[in-house]
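Heads up, the thing below is written out as structure tokens.
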Amino acid sequence: MAPIPSIPQKVTRVTIGPRAEGSEIIETQVKVAPGANAPSEIELDATGQWVAWVPNEPSRPLDLSDGREFLEDGWRGAGARLVRRIGKVVDGHPVRAKKHIVQVHLPEEFTPANVRSLVIGLIVGNHSFVTTNKRKPARVRDVHIVLPEGYEFNSFDTADYVAAVTEGKALGKATCLSRDLANAPANVKSPEWLATRAKKAVEDLDGVKVRLRDAGWLKDKGFGGILAVGGGSSRPPMLIELVWDPQKVDQCRRRRTVVLVGKGVTFDTGGISVKPAAGMDTMRTDMTGGASVIAAFRALAEQQVPRKVVALIPTAENMIDGKSYRPGDVVEHYGGLTSEVTNTDAEGRMILADAVSYGAKKYKPAAVVTVATLTGAAKVALGLRTGAVFSDNWGAGVKLARRGAIVGERWWPMPMQDYLEETVTSKIADVRQTPTGPGATTAAMFLRRFTRGVPLIHLDIAGPGRAESTYDEVTPVGTGFGARTLVQWLMH
Ligand code: BES
Ligand code: ZN
Ligand code: ZN
């Protein structure tokens, strides 16, 4: 099998504090350019410092915001370019490759949000996923951020910046873990592999309970959707169930339970309604929703968020076989609702429906949040850098969108529309799996049929779940999109 890195991989170590001295230090500086155009290359200046430029873009307030929050692409991008460039420097230098501290001097003016974005860039921009037995290039391991002269450490002055670094590290680490899971090739990544990885990622945390439900259990309890999709694979489907409960570590639950449901399709051939060959390889990332839910869950439990958080990841491989489910089948989901299958490539909603219904019944949460690379239609509508948010409650959707955007994940709200309800209804079953009409919207409305009245926030990340090129902190293929949004949204 393919040699893959240990998961989670080590991420850049980042500290903030007074200026450090020593021979291992590589001096670098972040500078803000006077205008919206900044040099995109890291430059070595006359004093021997590497300079990373941040464009000054006061005219780019956040989408959907009141004008007081700003996009931080420039700061994340500067951090990412810096670690990549200095990575090449240390790789060419045997001593430095082993021991170095990249000391980053900040410009005159910056906010805690800028520092958080820089840290996200330093960590996420340094991430790569390489499957080889050959020597891997050295990369930056340690970064130390220095505040300009005049800041007194351990004082009121610096507390916000120290907190920003801590936050940036948690957010960056979550994205890296999600990417590690998403990038793993599908010959390695079976549903069972994903379940084992999820368990390993969280089992050391206090207050966390892990349950891995196998196909036998799913059959017993009536999870018809997960079993139908997983039926065509020699590697059986599973349901990953993770629970963080602050009461288990004697902390209060200050807010109501939330259930996060992530699509865990480890490979999507389309099934009997087979996909075209071109681009099918990227369908190994069709569990990015699940990966982001696992990674966010870990970060939230690690930081002991004061509410119960449940992560459900139905995981299956959508293959072509004599045991595959067929167009025309009727499937009974968990809870008893039936769906009329019309296209086996719409497998995501089949497995999510079971998990949504189960989560709503068992945990009676304040909200169910689904995260999925669900429809090509969402990708067509919003492109590769923006996720789609569906919510019964406009305010809740916009709040999540804004929290996501300030940590570098952009969203746009989309409607669920009453007049489409009839296309989501089947003539022979309760719901029609692939209704006619706007594909991303009707997929969301299909899921809403399974919530038992619990408010739904549905995130379709088919576009931004993968990248085709490198920009800012993003690299091809799996982006880990969604992980930072969930963390930032539930922590604040
Ligand atoms: N995993 C795909 C959606 C997808 C498409 C993700 C492109 C990333 C990039 C999903 O399972 C799917 O195939 N959806 C179908 C649904 C259709 C048959 C109703 C689609 O969008 O074409
Ligand atoms: Zn599909
Ligand atoms: Zn899919």
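The values are calculated or read from the model by the stated rules, or taken from the named source; none is laboratory data. Since the structure is predicted, the reported quantities are computational estimates derived from the model, not experimental observations. Because the Cβ atoms are built from the backbone with ideal geometry, glycine has one as well, and the counts that use them run over all protein chains shown. Heads up: the accessible areas ignore ligands, DNA and RNA and are worked out on the full protein's heavy atoms, side chains in. Shrake-Rupley method; radii C 1.70, N 1.55, O 1.52, S 1.80 Å.
Surrounded by fewer than 19 Cβ atoms within 10 Å (Cβ to Cβ), in contact with a His (Cβ under 6 Å, 6 or more places away or on another chain) and not in a strand (DSSP E or B), is that true of A46?
no
Using beta carbons and a limit of 6 Å, which pairs, at least six apart or on different chains, have the first residue in segment 339-352 and open to solvent by 10 Å² or more (accessible area, probe 1.4 Å) and the second one among the small types (G, A, S) and near ligand 1 (Cβ under 8 Å from one of its atoms)?
These pairs meet every condition: N343/S273; D345/G270; D345/S273; R349/A443.
For segment 348-362, give me each residue that is closer than 20 Å to K427 by Cα and either polar (S, T, N, Q) or within 11 Å of ligand 1 (Cβ to nearest atom) (or both).
R349, M350
Return the total of residues in segment 249-289 being in contact with a strand residue (DSSP E or B) (Cβ under 8 Å, 6 or more places away or on another chain), open to solvent by 10 Å² or more (accessible area, probe 1.4 Å) and more than 12 Å from ligand 1 (Cβ to nearest atom).
Qualifying residue count, segment 249-289: 5.
Across segment 344-397, what is the total count of residues that are of a type in the set (S, T, N, Q) and more than 16 Å from ligand 3 (Cβ to nearest atom)?
Number of matching residues: 4.
Has segment 438-460 got any residue that is polar (S, T, N, Q), open to solvent by less than 60 Å² (accessible area, probe 1.4 Å) and within 16 Å of ligand 3 (Cβ to nearest atom)?
yes
Show me the strands (runs of 3 or more DSSP E) entirely contained within segment 233-291 in which 1 or more residues are more than 23 Å from R197 (Cα to Cα) and within 22 Å of the chain's Cα centre (by Cα).
255-262
It is to be established whether one or more residues within segment 133-154 are part of a helix (DSSP H, G or I), farther than 30 Å from N187 by Cα, in contact (Cβ under 8 Å) with a residue 12 or more places away in the chain and not hydroxyl-bearing (S, T, Y).
No.
Pairs only if they're at least six apart or on different chains, beta carbon under 7 angstrom, first in segment 422-433 and free of Cβ contacts under 8 Å to residues at least 40 places away in the same chain, second open to solvent by 10 Å² or more (accessible area, probe 1.4 Å) and of a type outside the set (D, E, K, R); list them, first residue then second.
These pairs meet every condition: T423/P435; T423/T436; T423/G437; V424/P435.
For segment 49-86, give me each residue that is outside any loop (DSSP other than H, G, I, E, B) and farther than 16 Å from D472 by Cβ.
Across segment 49-86, the qualifying residues are W50, V51, P61, I86.
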